[in-house]
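Laboratory data are not the source of any read-out in this text; all were calculated from the coordinates shown. Please read all numbers here as calculations on a predicted model, not as lab measurements. Counting neighbours? That spans all protein chains shown, and the Cβs are built from the backbone with ideal geometry, glycine included.
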């Protein structure tokens, strides 16, 4: 999906929502009336369009936030695999955070 969602076997409705999300990624004013109307014609409800815009905008904000703080992330994928297992088993409430 990430490389080319247009040729991925997903619904046309989801493809239209991903198009809206891609426009949000460029900037909110890039979302067009035509994109919204197209999504609606494929069965997307106002709430689904709203949530698409909200989630895309939130991810843009999160990415700019961590970029602005010049944060780093481990490059070793295994770190995330192990961390996911720990979070699934222990949750977030019992994390031992360094102070």
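Structure data summary
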item: Using alpha-carbon coordinates, inclination of helix 77-90 to the longest axis of the chain, degrees; result: 80
item: Residue-averaged 222 nm ellipticity for the chain, from DSSP H runs of 4+ at -39500 (n - 2.57), nearest 500; result: -20000 deg cm²/dmol
item: Among 85, 15, 40, residue whose mean-square fluctuation peaks in a GNM of the chain (springs only between Cα atoms under 10 Å); result: 85
item: With Cα atoms, 0 to 90° folded angle of helix 12-26 axis to the chain main axis; result: 70
item: Listed residues 46, 12, 76, most fluctuating in the chain (Gaussian network, C-alpha, under 10 Å); result: 76
item: Within a Gaussian network of the chain (alpha carbon springs, distance under 10 Å), most fluctuating of 25, 75, 35; result: 75
item: Least to most buried among 33, 8, 52 (fewest other Cβ within 10 Å first); result: 33, 8, 52
item: Label corresponding to Kirkwood radius over Cα pairs in Å when calculated from the structure given, among [x] 16.3; [y] 26.8; [z] 14.5; result: [x]
